[in-house]
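The values are calculated or read from the model by the stated rules, or taken from the named source; none is laboratory data. This structure is a prediction, so every number in the text was calculated from the model and none was measured. Please note: Cβ atoms are built from the backbone with ideal geometry, for glycine as well, and neighbour counts cover all protein chains shown.
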């Protein structure tokens with residue numbers, strides 16, 4: 001894992017039901033709205049051609065609204081004649097989702113509205129009803145996992161050092177709309193307090209797995225998505241449990257503090273929109289992160305050697321890696337890797 005300034009391409013997936021989205025060539029800022037739409041359910045058939053006395057094939061000619069349009073109750077969907085007019089109106093507010101071959105409208109009530117904001121400042125290079133891709137320059141750092149909706153805000157350091165835990169009492173409403181950096185660990189209490197205070201997102205070395213279940217429920221994997229604005233945004237850089245960050249990772253965060261930042265949840269990546277010459281930040285972090293026998297996480301340092309057979313604290317036996325902190329299971333050693 002290392003900081004790197006580059007041009008990044010960020011893909012934003014859109015939920016079904018996009019009604020408006022950015023176009024190729026548009027310039028967007030981080031946090032700008034890329035797309036809006038609605039979620040619908042329970043489509044209802046509204047008789048069209050038969051009520052108007054026209055052939056089904058002729059219904060598009062007298063239709064007043066496009067498929068996909070959102071209409072209010074009483075909106076004229078189709079109309080024929082002048083002096084002796086006939087009309088089909090919407091029986092309730094909703095979205096026109098289909099015009100059938102039999103000459104009927106299908107109208108569905110709107111149950112949710114959503115929007116997707118850009119997590120990159122740059123130019124739209126691809127845009128469809130399913131995805132909008134933005135390309136731009138930024139400092140970036142990759143993490144292990146992220147949860148909640150994408151987030152954008154000013155970067156703020158919430159701890160005095162990389163090995164500290166973010167305490168709930170350090171979080172208040174003055175941090176609203178900020179991305180708050182914790183140290184080695186963020187507990188569930190700090191996550192929920194930050195969300196209640198309007199903090200845009202949280203970044204930390206690690207978070208306890210039990211804390212994730214407390215905040216997001218048992219189905220942690222489904223905790224994200226643009227429609228889940230009721231969930232906090234959290235980026236884990238090193239792993240789960242507790243994970244003090246190497247100086248090569250934490251110190252650039254202090255240099256970049258105050259800059260606009262964004263968390264892209266799908267790629268578990270932090271972007272910071274600071275000038276490329278803000279400082280010499282691109283230092284390699286320690287090559288390995290130790291996920292200890294019982295879940296603690298910390299960077300490896302010093303000379304390392306492979307061990308073909310070892311017995312660990314959990315009474316598990318197998319190949320390991322020996323270092324200054326003892327011998328750990330080889331499968332528990334992972335690289336810091338921002339380019340994955």
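Report yes if residue 272 is surrounded by 14 or more Cβ atoms within 10 Å (Cβ to Cβ), out of contact with any strand residue (DSSP E or B) (no Cβ under 8 Å at 6 or more places or on another chain), at pLDDT 70 or above and closer than 19 Å to residue 140 by Cα, otherwise no. Answer is no for this residue. Considered as a group, the residues in the range 198-231 that are surrounded by 16 or more Cβ atoms within 10 Å (Cβ to Cβ), touching a helix residue (DSSP H, G or I) at 6+ places or on another chain (Cβ under 7 Å) and in a loop (DSSP other than H, G, I, E, B) include one that is modelled with the highest pLDDT, and that residue is 199.
Restricting attention to the range 12-22, the residues that are modelled with pLDDT of 95 or more and surrounded by fewer than 16 Cβ atoms within 10 Å (Cβ to Cβ) total 0.
The residue that is surrounded by the fewest Cβ atoms within 10 Å (Cβ to Cβ), among those in the range 126-147 that are at pLDDT below 90 and outside any strand (DSSP E or B), is 129. Of all residues in the range 157-181 being surrounded by fewer than 17 Cβ atoms within 10 Å (Cβ to Cβ) and more than 20 Å from residue 208 (Cβ to Cβ), which is farthest from the chain's Cα centre (by Cα)? In this case the residue turns out to be 160. Scanning the range 70-88 for residues that are surrounded by 14 or more Cβ atoms within 10 Å (Cβ to Cβ) and either in contact with a helix residue (DSSP H, G or I) (Cβ under 9 Å, 6 or more places away or on another chain) or without any contact (Cβ under 8 Å) to a residue 40 or more places away in the chain (or both) returns 71, 75, 76, 77, 78, 79, 80, 87, 88.
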